[in-house]
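Structure first, then comments.
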């Protein structure tokens with residue numbers, strides 16, 4: 001191996017070598033963090049909502065009803081929607097996954113204790129678990145006698161909601177080492193018993209994937225701002241179902257305003273549009289960085305090969321095989337890239353720390369560093385291949401040319 | 001040591017074929033010191049290139065140590081160059097980015113010798129040319145004569161049986177040229193076969209045999225001792 005002579009030789013041409021190493025370090029730092037950001041965005045985009053998205057549509061309508069009228073209207077609306085061809089389940093709820101608007105509470109496992117975690121609150125007017133297609137992994141759905149009216153939540157003479165269904169992730173967060181079913185948690189002074197656990201149900205909006213499945217379903221009817229969910233029997237035409245549902249709702253009350261009528265698939269699409277655009281932009285940044293880095297390596301290696309043609313001829317005359325010359329340039333590139341990668345790894349953590357501080361990015365997992373390093377090593381070797389092959393073809397007779 | 005028989009070397013373009021060597025025959029014995037002279041463009045360097053396996057002939061036969069080496073693979077030619085042949089060039093041909101020690105080390109690394117063995121050979125060779133105190137110097141820090149002595153040390157460290165010198169004193173003043181020539185004669189006395197291309201009749205006269213090349217052919221042989229032979233035009 002010619003590592004030592006190559007290093008000595010590089011010391012004599014350190015400006016160019018340092019520039020390339022710096023470019024590689026910069027690429028390493030940016031690429032590692034960018035890949036991580038893309039990966040987080042991809043995780044968000046592919047998150048399991050817990051609901052039967054391909055079979056669900058939602059309609060949001062507004063009326064000027066008071067609380068009493070709202071209760072009657074909701075019952076009429078649900079009955080009308082149930083008659084739409086292809087609809088198998090209907091429910092009313094005040095928020096939905098991918099809906100952006102979210103009602104949240106802090107949850108404690110002891111009365112008066114600080115919250116262990118925050119969670120979103122889904123208020124089930126009836127049949128929500130079944131309509132969303134949630135998978136109950138423990139316990140049961142709400143009994144009819146467990147439902148209370150939303151207005152009662154604010155009256156001192158009525159017992160507050162006493163039962164809830166929570167997600168497995170929330171159960172693990174609240175009681176990491178014991179089963180959650182039957183346990184009590186608190187949002188205020190009154191205990192709420194866990195009567196069921198669903199596999200997962202994401203918040204309407206979330207930033208970190210780990211926080212997404214922190215959800216509670218309460219048996220609360222007649223909440224303001226209710227929207228309707230319809231689960232259809234596949235392979236129903238969801239758009240046709242939405243049109244028929246709108247017609248059905250207008251037949252119940254022609255003066256209503258229907259502000260939203262969409263499938264869950266289109267809601268997911270819309271919800272993650274920003275993540276998708278960001279992932280594409282960042283992928284473009286990575287490709288551009290790789291191209292610029294590769295061009296830098298090709299340029300420098302070509303310049304060095306051209307400038308060292310005589311030296312290569314001398315080496316060939318002194319016994320270097322073509323393979324020796326090829327390996328020389330590959331090894332030289334490997335050493336420069338390694339210097340860049342090692343520096344880039346520290347820089348990657350520096351950039352990550354800055355992003356954590358200013359953009360709420362998570363800590364960069366260690367395994368991104370070898371991924372970035374291997375990627376840049378491969379890029380370096382591929383980039384130097386063409387100049388190295390040209391070097392390999394330099395004839396030994398060049399040594400005797402004047 | 002080596003024998004070329006009816007050797008030719010042609011350089012072809014689309015419209016013309018030029019012969020650098022034509023029907024070239026020579027027989028150089030083991031331990032011989034041969035001077036090759038001739039006008040510019042006569043084919044001296046091409047002859048030296050082929051003798052040193054830096055180029056392949058387009059015709060004829062070249063035997064080195066009894067082995068036909070005319071059409072060996074690049075790898076085999078590189079190995080023979082590295083193990084049997086030493087080169088001294090007019091322009092010294094040291095690698096400017098490497099110091100004296102590392103320059104002498106270059107052919108030894110290609111031979112795959114152990115570091116300890118290489119170090120021993122390098123220090124021996126540099127002591128022999130009187131440059132052991134300059135091991136850490138770079139070529140640019142040495143005079144022309146010193147650079148050529150480093151080149152000789154590089155050749156000596158490989159312990160070649162055939163030393164090919166292309167105008168070794170061409171870039172040196174008289175005093176340095178004399179010192180370098182004495183070194184080459186030392187190497188010859190140690191048993192190496194030497195073929196030296198030169199324009200200098202004085203240097204040529206110090207060898208055992210002069211071969212004169214004109215237009216790619218041997219036209220005159222002046223053998224100082226009868227045991228050496230060379231055949232012009234086959």
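The values are calculated or read from the model by the stated rules, or taken from the named source; none is laboratory data. Keep in mind it's a predicted model, so treat the numbers as computed, not measured. Note: ideal-geometry Cβ built from the backbone for every residue, glycine included; neighbour counts use all protein chains shown.
To keep it simple, each residue is scored yes or no on (1) more than 10 Å from chain A (Cβ to nearest Cβ); (2) at pLDDT below 95; (3) touching a strand residue (DSSP E or B) at 6+ places or on another chain (Cβ under 7 Å).
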| site | (1), (2), (3) |
| --- | --- |
| B:99 | no, yes, no |
| B:104 | yes, no, no |
| B:110 | no, yes, no |
| B:114 | yes, yes, no |
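Of all the listed residues (A:211, A:190), the sole one being at pLDDT below 90 and either surrounded by 13 or more Cβ atoms within 10 Å (Cβ to Cβ) or assigned by TED's automatic domain parsing to the domain that holds residue A:101 (or both) is A:190.
Quick test for you: out of A:331, A:318, pick the one residue that is touching a strand residue (DSSP E or B) at 6+ places or on another chain (Cβ under 9 Å) and within 14 Å of chain B (Cβ to nearest Cβ). Walk me through how you get there before you give the answer.
Values: A:331 fails: touching a strand residue (DSSP E or B) at 6+ places or on another chain (Cβ under 9 Å).
From the options A:331, A:318, the qualifying one is A:318.
Each residue in the range A:5-15 was checked for being more than 8 Å from every other protein chain (Cβ to nearest Cβ) and surrounded by fewer than 15 Cβ atoms within 10 Å (Cβ to Cβ), and 4 of them qualify. The numbered conditions (1) surrounded by fewer than 22 Cβ atoms within 10 Å (Cβ to Cβ); (2) in a loop (DSSP other than H, G, I, E, B); (3) within 14 Å of chain A (Cβ to nearest Cβ) are all true for residue B:93 except (1).
Of everything in the range A:234-259 that is assigned to a loop (DSSP other than H, G, I, E, B) and without any contact (Cβ under 8 Å) to a residue 40 or more places away in the chain, the residue that is nearest to residue A:56 (Cα to Cα) is A:235. When the criteria are applied in full, residue A:312 meets the requirement of being more than 25 Å from the chain's Cα centre (by Cα), in a helix (DSSP H, G or I) and either surrounded by fewer than 16 Cβ atoms within 10 Å (Cβ to Cβ) or in contact (Cβ under 8 Å) with a residue 40 or more places away in the chain (or both).
Within the range B:55-74, not a single residue is within 9 Å of chain A (Cβ to nearest Cβ) and within 18 Å of residue B:108 (Cα to Cα).
Starting from residues that are surrounded by fewer than 24 Cβ atoms within 10 Å (Cβ to Cβ) and free of Cβ contacts under 8 Å to residues at least 40 places away in the same chain, keep the ones in the range B:33-54 and report whichever is nearest to the other protein chains (Cβ to nearest Cβ). By that ranking, first place goes to B:40.
Identify, from the list B:85, B:152, the residue that is at the interface with another protein chain (Cβ under 9 Å from one of its Cβ atoms), in contact with a strand residue (DSSP E or B) (Cβ under 7 Å, 6 or more places away or on another chain) and under 15 Å from residue A:318 (Cβ atoms).
One residue alone meets the criteria, B:85.
When the residues of the range B:171-206 are filtered to those that are assigned to a loop (DSSP other than H, G, I, E, B) and within 14 Å of the chain's Cα centre (by Cα), the one that is surrounded by the fewest Cβ atoms within 10 Å (Cβ to Cβ) is B:192. Quick test of your reading of the structure: residue A:283 fulfils all but one of (1) farther than 30 Å from residue B:150 by Cα; (2) within 14 Å of chain B (Cβ to nearest Cβ). Name the failing condition by number. Going through the list (1) farther than 30 Å from residue B:150 by Cα; (2) within 14 Å of chain B (Cβ to nearest Cβ), residue A:283 breaks only (2). For residue A:115, the conditions (1) surrounded by fewer than 19 Cβ atoms within 10 Å (Cβ to Cβ); (2) more than 30 Å from residue A:245 (Cα to Cα); (3) within 25 Å of the chain's Cα centre (by Cα) are fulfilled apart from (3).
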